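Laboratory data are not the source of any read-out in this text; all were calculated from the coordinates shown. These numbers were taken from a predicted model, which means no experiment stands behind them. In this analysis, Cβ positions are derived from the backbone assuming ideal geometry, glycine residues included, and neighbour counts consider all displayed protein chains.
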Amino acid sequence: MGLHKNSTGNDIHVIYAFTYVSSVARNAATGLIAADIGKVARQLSDETFWILVDNSPLTWSQISVSSGAGTVSNNDLLLETDIPTPNNTYSNILSGGKVTNEIWVRTSDNSNIKTIDYTYSGSKVINEVRKVYFTDGITITAQLTISYIYNGSVVSSIIVTRDI
């Protein structure tokens, strides 16, 4: 498979790894392993999304809130997924061999749609700031900060904060 940004058709995947019908089913999940920590689950009963913080004891952290109508806003989707082409371009900035910024730009007017800025400690990403922009490409309409906490080389917990 090529670069993620070039994915099309059946290569485009959903943002979640698990689907549960309710909180009872999600909280009773079995078979989750340490490698699943950081993966996202979709809960169908209220259309919320949860990130697995720990597999033992099973610990989830909600990363979205239902709108009440069972839908997620466009800003929520843009914060949590890559933006499909066409009609926009993707680029990234490397520093020391690591991606420090990802940028999606609307090709019609060269305005920002979404950016992701990464902060590293050594080789590990410790913060990720995702921003979604209004059509002017300047005004931030949604922002999500993700902080990663490590135990050695393994992510031990993730803190997700909806800033805007």
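Annotations
- Cβ crowding within 10 Å ranks PHE18, PHE134, PHE49 as PHE134, PHE18, PHE49, fewest other Cβ atoms first.
- You can think of it this way: the chain between SER123 and ALA29 has 30.6 nm of extra reach, that is 0.36 nm per residue less the Cα-Cα gap.
- Additional length obtainable on full extension of the chain from THR107 to THR89, 0.36 nm per residue less Cα span: 5.8 nm
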